[in-house]
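Step one of this worksheet: look at the structure below.
The values are calculated or read from the model by the stated rules, or taken from the named source; none is laboratory data. Here the structure is a predicted model, which means the values were calculated and not measured. Here the Cβ is made from the backbone with ideal geometry for all residues, glycine too, and neighbour counts use every protein chain on show. Protein only, heavy atoms only, side chains kept; ligands, DNA and RNA dropped before computing areas. Shrake-Rupley method; radii C 1.70, N 1.55, O 1.52, S 1.80 Å.
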Amino acid sequence: GNSVTQMEGPVTLSEEAFLTINCTYTATGYPSLFWYVQYPGEGLQLLLKATKADDKGSNKGFEATYRKETTSFHLEKGSVQVSDSAVYFCALKSNDYKLSFGAGTTVTVRA
Amino acid sequence: EAQVTQNPRYLITVTGKKLTVTCSQNMNHEYMSWYRQDPGLGLRQIYYSMNVEVTDKGDVPEGYKVSRKEKRNFPLILESPSPNQTSLYFCASSLNGRAKNIQYFGAGTRLSVL
């Protein structure tokens, strides 16, 4: 079946540091890949997505590229802010209509 | 405003006392789904629905029931809650079940079963 593996946290950074959260996946067919973000006390919201190989999703300074050859979708941001403190989830959706999530990575950015 | 609304946001109950968590969306979405979030496990899908009167099991359906009598509503029912169902629950919806469509999430329901 489908599965998503993302780096364990928690991750603690200083403001303006570079952030990378690794995500790899196992799936049949041609899945779509997503990063969702969960701010404290809130539900999940879509951060970015990519629907086919070599697509790059980007939003709010975050980027991730769909790499089929390495089955990866790593999330990056060049300069984080305190407001980026959240839990980040990598997710995959294939044609079986089910969204599979990674375990989540808690990111804390210190001023 | 487009949204997914869950109620209640917080619930404390006792073992065996039936409860229902409601979920409603105002986007005319066909696809709806329930997840539970537990530390270190991410979100796991409980049930999903492709459309009215069509529901199917997700990865962790045991102990839960759902119904989809109307397009906008997708209640989660715990007939006899147990402490291992203490969790944070999220309802979500999307236009349809296709892979590329994003899901919109409710704010969550934190359930404690004593």
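Summary of values
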quantity: Charge dipole (chain A, unit charges on Cβ, about Cα centre) - positive-most of A:Gly102, A:Phe62, A:Ala27; calculated: A:Ala27
quantity: Global form of the range A:64-111, assessed from the alpha-carbon gyration tensor, a/c cut-off 1.5; calculated: oblate
quantity: Positive minus negative residues near A:Phe34 (Lys, Arg vs Asp, Glu; Cβ under 11 Å); calculated: +3
quantity: Extension reserve of the B:Met27-B:Asn84 stretch, reckoned as 0.36 nm per residue once the Cα distance is removed; calculated: 17.3 nm
quantity: Range of Cα positions in chain A per principal axis (Å), largest first; calculated: 43, 27, 21
quantity: Mean Cβ neighbour count within 10 Å, used as a protection proxy, ranking B:103-109, A:44-50 highest first; calculated: B:103-109, A:44-50
quantity: Euclidean distance between Cα centres, the range B:40-90 to the range A:36-59, Å; calculated: 23 Å
quantity: Inter-label distance for A:Thr71 and B:Val54, nm, one decimal - labels placed 7 Å from Cα along Cα-to-Cβ; calculated: 2.9 nm
quantity: Net lengthening on full extension, A:Lys60/A:Asn95 (0.36 nm per residue, minus Cα-Cα); calculated: 9.8 nm
quantity: Percent carbon-and-sulfur accessible area, the range A:23-101, ignoring ligands, DNA and RNA, probe 1.4 Å; calculated: 48 percent
quantity: Cut-off under 5 Å, modelled amide H: who pairs with A:Gly9 long-range; calculated: A:Thr106
quantity: Summed side-chain charge close to B:Glu79 - residues other than B:Glu79 whose Cβ falls under 12 Å, Lys, Arg +1, Asp, Glu -1; calculated: +2
quantity: FRET E, pair B:Asn96, B:Ile12, Förster distance 41 Å, beta-carbon r, rounded to 0.05; calculated: 0.70
quantity: All-pairs alpha carbon distance profile, chain B, 10 Å steps from 0, percent; calculated: 15, 51, 29, 5
